[in-house]
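One structure is given below, encoded as structure tokens.
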Amino acid sequence: MATSVPPLSPQQEPRRAEVQSASAVLMIRPANFGFNPQTAASNAFQLDPEAAAPTPGTTPESLRASEIQSLALREFDRLAETLERSGVTVIIAHDTEEPKKPDAIFPNNWVSFHADGTVVLYPMLALNRRIERRDDIIGDLVAAAGFRTARTVDLSHREILGQYLEGTGSLVLDRVRHVAYANISARTDLDALGDFAQQLDYDLVTFESADGAGRSVYHTNVMMAIGSGFSVVCGESISDSIRREAVLSTLESSGREIVDITLAQMHAFAGNLLELAPPGSKAIALSTTAWESLAPAQRRTLERHGDIVAADIPVIERYGGGGVRCMLAEIHLPRRM
């Protein structure tokens with residue numbers, strides 16, 4: 001098991017000037033959203049519509065592929081509009097019809113953007129997810145949206161070694177203190193993690209997380225989230241008590257208020273949320289499924305840290321196995337002068 005960073009003082013100076021939350025996000029409007037059989041073996045949150053027994057009426061289990069795509073587009077547009085109304089800058093890129101990419105709606109797994117102008121490209125487990133990486137999308141952020149890049153760290157070559165690290169799905173970043181939390185899984189490799197940490201000057205806190213059936217949690221960001229003043233974590237999913245204590249201790253030492261969620265809440269995507277920073281405020285983006293799973297006290301804690309921005313995305317959650325946070329690649333890049 002990898003090393004853990006020692007507890008950090010809330011007063012400790014950050015390594016460089018960086019804020020936790022972005023005011024802008026990249027979203028990819030899907031052309032062929034649907035259940036991805038190449039990712040299902042490692043993602044217990046997905047539901048295969050072919051394996052589910054049809055039920056009377058129009059239910060998610062009985063939807064055809066075309067209906068799933070159509071409903072996913074509605075959910076996507078609703079989330080984008082909700083974020084824009086909250087003051088978040090939403091930059092939408094469009095998926096291409098060919099080649100088909102059922103998970104293109106989740107761009108945070110293949111790219112991350114950092115305050116010093118770094119763009120990181122990540123190694124992906126599924127073959128049909130590797131084609132999601134698109135230079136033209138990054139180029140449009142620079143040319144049309146007015147952002148500036150300084151360098152690209154391309155880790156995708158690790159795919160030939162069988163070493164995967166799926167962006168801010170695998171990594172939950174404390175950007176201010178440069179600490180990366182990572183649940184080791186089929187999609188999160190220790191060697192790839194070390195490469196990321198060295199090139200971006202991050203300390204690592206690693207652990208193993210599992211659901212109630214003992215299955216590995218595929219991405220860290222479904223059981224954990226970090227905001228400026230809070231953290232959501234499913235401590236129950238970290239079976240090793242020493243590692244669990246190390247994770248909680250490091251979060252507490254950063255001065256954050258912890259919302260400890262249950263396994264059931266994790267499966268409702270309560271850990272899959274993202275704090276954003278529209279002008280003059282904070283917004284906490286999550287799904288209505290996630291929000292409704294939380295207890296009143298947990299909701300009050302989150303409300304102390306930002307405006308709740310909730311969107312209903314049941315089809316995307318059910319067939320994609322990812323939530324609102326997975327749909328958002330936050331843009332921390334500097335603006336062009």
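Condition check: within 26 Å of Phe45 (Cβ to Cβ), over 17 Å from the mean Cα position of the chain (by Cα) and either part of a helix (DSSP H, G or I) or touching a residue at least 24 places away in the same chain (Cβ under 8 Å) (or both). Does Val259 satisfy that? In short, yes. Only a single item in (1) among the hydrophobic types (A, V, I, L, M, F, W, C); (2) surrounded by fewer than 20 Cβ atoms within 10 Å (Cβ to Cβ); (3) within 18 Å of the chain's Cα centre (by Cα) is not met by Ala277, and it is number (2). Whether any residue in the stretch 286-306 is under 12 Å from Val88 (Cα atoms) and at pLDDT 95 or above is what I want to check. For the stretch 286-306, residues under 12 Å from Val88 (Cα atoms) and at pLDDT 95 or above: absent.
Scanning the stretch 156-205 for residues that are in a loop (DSSP other than H, G, I, E, B), touching a strand residue (DSSP E or B) at 6+ places or on another chain (Cβ under 9 Å) and surrounded by fewer than 18 Cβ atoms within 10 Å (Cβ to Cβ) yields one hit, Ala186. Residue check: is Ile92 touching a Lys or Arg at 6+ places or on another chain (Cβ under 6 Å), among the aliphatic types (A, V, I, L, M), at pLDDT 80 or above and farther than 30 Å from Gly212 by Cβ? Spelling it out, Ile92 is indeed touching a Lys or Arg at 6+ places or on another chain (Cβ under 6 Å), among the aliphatic types (A, V, I, L, M), at pLDDT 80 or above and farther than 30 Å from Gly212 by Cβ. When you scan the stretch 300-312, do you find a residue that is without any contact (Cβ under 8 Å) to a residue 40 or more places away in the chain, surrounded by fewer than 20 Cβ atoms within 10 Å (Cβ to Cβ) and assigned to a helix (DSSP H, G or I), even just one? Checked against the condition, which is being without any contact (Cβ under 8 Å) to a residue 40 or more places away in the chain, surrounded by fewer than 20 Cβ atoms within 10 Å (Cβ to Cβ) and assigned to a helix (DSSP H, G or I), the stretch 300-312 yields at least one hit. Give the residues of the stretch 229-245 that are small (Gly, Ala, Ser), touching a residue at least 24 places away in the same chain (Cβ under 8 Å), surrounded by fewer than 18 Cβ atoms within 10 Å (Cβ to Cβ) and farther than 10 Å from Ala210 by Cα, sorted by residue number. Gly229 - this is the single residue of the stretch 229-245 that is small (Gly, Ala, Ser), touching a residue at least 24 places away in the same chain (Cβ under 8 Å), surrounded by fewer than 18 Cβ atoms within 10 Å (Cβ to Cβ) and farther than 10 Å from Ala210 by Cα.
Scanning the stretch 313-337 for residues that are of a type outside the set (A, V, I, L, M), assigned to a loop (DSSP other than H, G, I, E, B) and within 14 Å of the chain's Cα centre (by Cα) yields Gly321, Gly322, Gly323.
The values are calculated or read from the model by the stated rules, or taken from the named source; none is laboratory data. Just so it is clear, the model here is predicted, and its values are computed rather than measured. Note that each Cβ is placed from the backbone with ideal geometry, even for glycine, and that neighbours are counted across all protein chains shown.
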